[in-house]
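As structure tokens, the structure follows; a few thoughts come after it.
Where a number appears in this text, it was derived from the coordinates with a stated rule and is not lab data. A quick note: this is a predicted structure, and the numbers were derived from the prediction, not measured. A quick note on method: Cβ atoms are made from the backbone with ideal geometry, for glycine too, and the neighbour counts reach across all protein chains shown.
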Amino acid sequence: SFDDQISIAFLNYASAHKITPFQLGLATFYAFLFKLTHGQSDLCITCLNANRYQSELQNMIGMFVATLPYRIQFDSRWSFDELVKHVQDKSPASDAQARIWFHERIHFNSDKSLTAIYNMPFLYRLCPGHTLSMHQLRPALQQIVGKHESLRTSLFFDTEKYQLMQRIINYNDNNNRLFEFIESTFETDQELDLIMYEEKRNSQLFNLGQGHVFRCHILHRILISSNDALCDKDAIIFNFHHALFDFPSMNVLLHDLNQAYSTGQLTINDSSLLRYLDYAAIEQEMPMTAASIFWHETLYDCNLDQSLQLPFDRYRLSDEHRTGRGVFISFNFGEDLSRAFLTYSSSNGITPEQLLLASYFAFLFKLTNGESDLCIGMNTDGRYKEELMSVIGMFVNAIPLRCQLDPPWSFHQLVEHVKEIITNSLKYSYFPLQRILAQHPNATKPTFLETSFEFHSFKSKSDKNEMMIGNARIVAAPISINIGEDEIMSKFDFMLTIQHDLDIDQLSCTISASLDLFDKTTVYKMGQRFCSMLEQLLNFNDIQNNKSIYELSLILPNEKLLMNSVNNTQVIGVMAIEMAGGVYCPLSPRDPDHRLHMLVEHTQSRLVLIHHLTNNKFTDNVFSIDIDAVLTANPAESDVDIYRTSNILITPDNIAYIIFTSGSTGMPKAVGRKLAH
């Protein structure tokens, strides 16, 4: 074993160079092997890993050890310090980092777009009577950047390995470029809102390739602030790029900021020895066999790149980039509806999250006109080990939630099914999304992620939005980033967010959608339909609990009267087509043109009836009649020859109408219904 002098020197070297003893030992072993092999510079060794990557595995008896390969290719002219740096600083990016990096570039075209989608600004104000020293704040932040390497980590694509990599930027006490510390002024709250808007939307604030992923923006209220001390009229914005930072990381940063500001130094304990870089390297090598089997069985025969057929107002081209513009509608459940939901939840032994997710699946089932195989996305925090709680980094993982429901099910049966789905899915939620998708090589686009679900519990009264930095108390200020009137940022096509206020025990809901696909009026109408469906679900008595899901209605009360009139007219129109010897086949104007043409060709249709809203849907190759033009050119006569159709023979075996399946498993299929039915 090492004597005390060598042990102390070894640990001091590790501390001074901000590396773990494991990394220093690995570099030392590489140097030894290099000499032992007479200059072999391409070395690959193995290392045992405990592989107990979930907390529930810690107390189990069993064999979990995995063997991991460690390879290095180095230059014989390197100094030992350079060898240590190479061992320390470069590693494959984590799956979470890669997902954010690729999503930003592919879907939002970050290289050309002036709109950022993954900036994470946090706004703080000081409480009345409290001040903060600028001379203490800046060096405290420098210490945090020194300790938490994620805040000075670059991401770059290695073309030789064809892999996204991360590299830690060397820390230098005299180098303030590792993070941006800027000061500016504002006069009104409106100006502050504009600054926050810029922090959220400006794509030029960060540079992942150079490791510029964190900035601190000090805002002085004009004619009030002094140069050194910040007061309650001023503001602080901490801003991060999401590829290196998630929401739980903010608690870690504020804890360390308080310590560094108060004492001028940061302590390093055993838990802080785990770096995000090490986590990413271990993640790449973990087999995760049980999780792999679960997700493979869960998503077997699932069409992951098939979008749900929501009531889109327009469609996005395959090569069209997202604008990030969205719209939302929010509403509170109210005391009665919240009580009904939460009572149902507690009396049936399910969580509010499971109950609301089941409601969302029921809503999507109705919204998609009966799609029974539903797959959506949900984010999880990804911090499945206690050691990860004190690490700053990006751990969020997106998982698919697949629900194969049976339309005759009652809502209670659906709830029990969803309870099982989410319980098992969260158990294996540590399995990276990229590995899930790798099991389905034919799925070119994971479009299921574009329909998303989130559930948040919080305490509006007792949750402490206040925290201490030294003797100063700061409070997190609420922010809302609007692009324009009624517009927000939207990463997803369609998302439901449920919030549960534990203090008042009430629920609220937000539906957000992309303006690339939906009109504002459509989103508002969907919000009303969801609220109406929720009231139906929880107004069931004991007998009505057996009511089928497909019997739920999304028709609003003010639409029922109108539908009665419209339905009568539609029935008359269908009867007229059948009396003329034709077959009725409804087409949706929401469908893209290529789908409409395919359906017309498939039915060998001889005539398409159109009107002023659909007259541009078909080319000259399709024979069509404009109903509006017919009515205008040929006013209705009271003396109609009803005998012209008397010679057409109609039997029960005649086909009355044709409908098409959704096409979720491939080509839509035509189904004919006879008059006898």
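Below are the figures for this structure:
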item	result
Cleavage-rule hits (trypsin sites (Lys or Arg not before Pro)) in region 570-612: DSSP loop, at most 11 neighbouring Cβ within 10 angstrom	ARG606
Out-of-range pairs (alpha-carbon distance over 25 Å; input LYS385/LYS461; LYS200/LYS520; LYS617/LYS669)	LYS385/LYS461
Sequence ranges 368-377, 512-521, 282-291, ranked by mean other-Cβ count within 10 angstrom, highest first	512-521, 368-377, 282-291
Stretch gain in nm, segment PHE29-SER76, where the contour uses 0.36 nm per residue and the Cα spacing is subtracted	15.5 nm
Label point distance in nm, THR603-THR263, each placed 7 Å from Cα along Cα→Cβ	7.6 nm
Extension gain from SER133 to ASN465, taking 0.36 nm per residue of separation minus the Cα-Cα distance	117.4 nm
Positive-pole candidate from ALA96, VAL145, ALA229, dipole of region 95-280, charges at beta carbon	ALA96
Estimated FRET transfer efficiency when R0 is 45 angstrom, pair ALA290-PHE2 (beta carbons, to 0.05)	0.70
Residue-span extension gain [SER347 to THR46] - 0.36 nm each, minus C-alpha spacing	103.1 nm
Inter-probe distance in nm under a simple model that places probes 7 Å from Cα toward Cβ, at ASN379 and THR423	2.7 nm
Which listed pairs, of LYS366/LYS525; LYS547/LYS674; LYS366/LYS547, have C-alpha distances above 20 Å, in listed order	LYS547/LYS674
Contact order normalised by residue count of region 95-280, Cα under 8 Å, 6+ apart, percent	34 percent
Nearest-0.05 FRET efficiency for ARG473 and TYR197, computed from C-beta distance (R0 30 Å)	0.65
Equivalent ellipsoid semi-axes, region 95-280, via Cα gyration tensor eigenvalues times 5, rooted, Å	29, 22, 13
Computed FRET value (nearest 0.05) for PHE22 with HIS594, which takes r as the C-beta separation and R₀ as 51 Å	0.35
Between region 301-374 and region 497-520, the alpha-carbon center distance in angstrom	10 Å
Two-site label geometry, GLU454 and LYS161: point separation in nm, points 7 Å out along Cα→Cβ	3.2 nm
Euclidean distance of C-alpha centroids, region 199-265 and region 424-442, integer Å	34 Å
